[in-house]
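Enquirer: This is the structure I have questions about; it appears just below.
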Amino acid sequence: MTVATLSNATARAVFLDRHGLGVGSADTPMDAIADLGFVQVDSVNTFARAHDLILWSRHGRYRPQALHRLLARDRAVFEHWTHDAAVLPMALWPHWRLRFARDAARLESRWEIDRPEGFGAQVDTVLRQIADHGACTSGDVGVDEARGKGGWWDWHPSKTALEYLWRSGQVSVVRREGFRKVYDLTERVIPQDVRGAAFDPATTVDALCHAALDRLGFATPSEIAAFWAVVTKPEARDWAQAALAEDHAIPLDVVGHDGKLRRCVARPEVPDHVPTLEGRVRILSPFDPALRDRSRAEWLFGFRYRIEIFVPAPQRTYGYYVFPVWEGDRAIGRIDMARQGEVLAVRAFWPEPGVRMGAGRLSRLQAELTRAARFGGCAEVVFAADWLRNGG
């Protein structure tokens, strides 16, 4: 059988278009979340929180209050775990029952070996407290007798029990206050018609694999499994074989940035449709879905990105929290910027190797920074004297 080959340029366009970075933007923030499948939630706020920047980059009129309304008022999304904490379309919740069951089994297995003291009794106690007294945060449950009431990162047994209840689906995030999760009984958070839907594991695996491939454009079975972090690698391999046999997918050799081929599966229409990308400059979140899989980003774009928050300052290559900067189908640099009162302070910009920062590209970058400043509530952009690095 002849296997089609997808050029690197076309592969980049397909992948970025599937991640909401093609021509046009999502009509609403909910459309952007549905298109992406999930949006990672992160606490770092040097300029904007990751989830807000991800949605703004796809929906230019987005403001942070919109996500709060979708979660706390409209119940259009729910918060749980993919590869990390994320908000997901409510329509996926019935399929997350498989995640709840697997998380519960994994945690229970781990705790059989290293069970926090008092954990068993605390699960029922915490659940009863929420049932009787309403929604709570981690700071509201349990008391550490030795140290008094625990803080946000003080995982005494009650906090561990609360985390277990969330991961196993018995309680849900009803809203966030600041960045702290507020939990309530799942039956009081998730709409009844959603809770009433149930699927067997095989149906869920099939649905999530189809949904992952649609959002990736092309992928290996391992990448399909990693997309939601619910399906196992063996399940994804079996699904891919079945999809090929049933003509729901085709084999496709995709050219990486270095010219090497990677055998993937893809929808049959992928080789015949080349999306159009905008040439505009975009500032992306370090947790942007297009870059979440660091290995895939490096293979496809030749862009190696690592967050240096936990790297000692003298050992950092770039900075504490540096934003990728994109133009068209490639990374053009990384920018160190932060909100300082009403000023967006640009400390440094490092062009990627081979990228020349001519007058036109600089103008487009500065226009994006102006848009970002407005989004971040800053009145102006201020550049450090030596902000343009490496001879850019």
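The values are calculated or read from the model by the stated rules, or taken from the named source; none is laboratory data. Note that this is a predicted model, so its numbers are computed, not measured. Reconstructed Cβ throughout: ideal geometry from the backbone, glycine too, with neighbour counts over all protein chains shown. Only protein heavy atoms, including side chains, enter the accessible area calculation; ligands, DNA and RNA are left aside. Shrake-Rupley method; radii C 1.70, N 1.55, O 1.52, S 1.80 Å.
Enquirer: Of the residues that make up segment 68-80, is at least one touching a helix residue (DSSP H, G or I) at 6+ places or on another chain (Cβ under 8 Å) and at pLDDT below 95?
Expert: no
Enquirer: Please enumerate the residues belonging to segment 25-43 that are open to solvent by less than 50 Å² (accessible area, probe 1.4 Å) and either more than 18 Å from D214 (Cβ to Cβ) or modelled with pLDDT of 95 or more (or both).
Expert: Start the filter on segment 25-43 by keeping residues that are open to solvent by less than 50 Å² (accessible area, probe 1.4 Å), which leaves 26, 29-30, 32-34, 36-42.
Listed by number, the residues that qualify are P29, M30, A32, I33, A34, L36, G37, F38, V39, Q40, V41, D42.
Enquirer: Name every residue in segment 293-306 that is open to solvent by 50 Å² or more (accessible area, probe 1.4 Å) and in a loop (DSSP other than H, G, I, E, B), in order of residue number.
Expert: If the condition is that a residue be open to solvent by 50 Å² or more (accessible area, probe 1.4 Å) and in a loop (DSSP other than H, G, I, E, B), then R304, R306 are the ones that fit.
Enquirer: With respect to R347, is the statement that it is in contact with an Asp or Glu (Cβ under 8 Å, 6 or more places away or on another chain), in a helix (DSSP H, G or I) and either open to solvent by 20 Å² or more (accessible area, probe 1.4 Å) or not charged (D, E, K, R) (or both) true?
Expert: On the way: in contact with an Asp or Glu (Cβ under 8 Å, 6 or more places away or on another chain): yes; in a helix (DSSP H, G or I): no; either open to solvent by 20 Å² or more (accessible area, probe 1.4 Å) or not charged (D, E, K, R) (or both): yes.
In short, no.
Conditions (1) farther than 21 Å from P191 by Cα; (2) touching a residue at least 40 places away in the same chain (Cβ under 8 Å), marked per residue:
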{"residue": "R49", "(1), (2)": "yes, yes"}
{"residue": "S57", "(1), (2)": "yes, yes"}
{"residue": "G60", "(1), (2)": "yes, yes"}
{"residue": "P64", "(1), (2)": "yes, no"}
{"residue": "W81", "(1), (2)": "no, yes"}
{"residue": "A104", "(1), (2)": "yes, yes"}
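Enquirer: Could you tell me which residue of segment 44-56 is nearest to M337 (Cα to Cα), considering only residues that are in a helix (DSSP H, G or I), touching a helix residue (DSSP H, G or I) at 6+ places or on another chain (Cβ under 9 Å) and open to solvent by less than 10 Å² (accessible area, probe 1.4 Å)? Spell out the reasoning first.
Expert: Narrowing segment 44-56 to residues in a helix (DSSP H, G or I): 50-56.
Narrowing further to those that are touching a helix residue (DSSP H, G or I) at 6+ places or on another chain (Cβ under 9 Å): 51-56.
Retained after the next criterion (residues that are open to solvent by less than 10 Å² (accessible area, probe 1.4 Å)): 53-55.
Numbers: L53: 13, I54: 16, L55: 19 Å.
Only one residue fits best here, namely L53.
Enquirer: Is there any pair with a first residue in segment 1-15 that is over 18 Å from W299 (Cβ atoms) and in contact (Cβ under 8 Å) with a residue 12 or more places away in the chain and a second that is surrounded by 19 or more Cβ atoms within 10 Å (Cβ to Cβ) and among the aliphatic types (A, V, I, L, M) whose Cβ atoms are under 6 Å apart and which are 6 or more apart or on different chains, and what are they?
Expert: Correct list of pairs: A4/L252.
Enquirer: Considering (1) surrounded by fewer than 17 Cβ atoms within 10 Å (Cβ to Cβ); (2) within 24 Å of G302 (Cβ to Cβ); (3) over 24 Å from the mean Cα position of the chain (by Cα), say which one G328 fails and leave the rest.
Expert: Status for G328: all satisfied but (3).
Enquirer: Okay, next question. Being charged (D, E, K, R) and closer than 22 Å to R304 by Cα is the filter; apply it to segment 350-383 and report the residue that is most open to solvent (accessible area, probe 1.4 Å).
Expert: Across segment 350-383, the extreme among qualifying residues is R356.
Enquirer: Continuing with this model, one more query. Looking at R97, R110, which is the one that is modelled with pLDDT of 90 or more, open to solvent by 40 Å² or more (accessible area, probe 1.4 Å) and of a type in the set (K, R)?
Expert: Working: R110 fails: modelled with pLDDT of 90 or more.
From the options R97, R110, the qualifying one is R97.
Enquirer: From the residues in segment 76-113 that are outside any helix (DSSP H, G or I) and either over 19 Å from the mean Cα position of the chain (by Cα) or of a type in the set (A, V, I, L, M) (or both), which one is farthest from A229 (Cα to Cα)? Full working, then the answer.
Expert: Let us first name the residues in segment 76-113 that are outside any helix (DSSP H, G or I), namely 76-89.
Narrowing the set further to residues that are either over 19 Å from the mean Cα position of the chain (by Cα) or of a type in the set (A, V, I, L, M) (or both) leaves 76-77, 85-88.
Numbers: A76: 21, V77: 18, A85: 11, A86: 12, V87: 14, L88: 13 Å.
My answer is A76.
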